[in-house]
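Here the structure comes first, spelled out in structure tokens, and everything after it is commentary.
Values quoted throughout were computed directly from the atomic coordinates according to the rules given, and no laboratory measurement underlies them. Quick caveat, the model's predicted, so the values are computed rather than measured. Because the Cβ atoms are built from the backbone with ideal geometry, glycine has one as well, and the counts that use them run over all protein chains shown.
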Amino acid sequence: MSGELLVDASFSRAVVKASQAARITVVGTKGHGLIKGTIGSTAHAVLHHAHSPVLVSRRTATSKVM
């Protein structure tokens, strides 16, 4: 689904819907969940409800966005 705009009242719901046609769903997380070091609510919802395999990518503290 690369290049398509996802529109929904909930971002996680939009990603879950998009996962129906995906071979893999990739979501990022900063690791600032309710308990430090866990995934956030969006990544958690996608992980449990996606219709395809899910890869959760965590940015490390030393990563820099260019």
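Couple of notes before you dig in:
- Neighbourhood net charge (11 Å Cβ-Cβ; Lys/Arg +1, Asp/Glu -1) for V46: +2
- Residues whose amide H falls under 5 Å from that of T25, counting only those 5 or more places apart or on a different chain, are V54, L55, with hydrogens built in the peptide plane.
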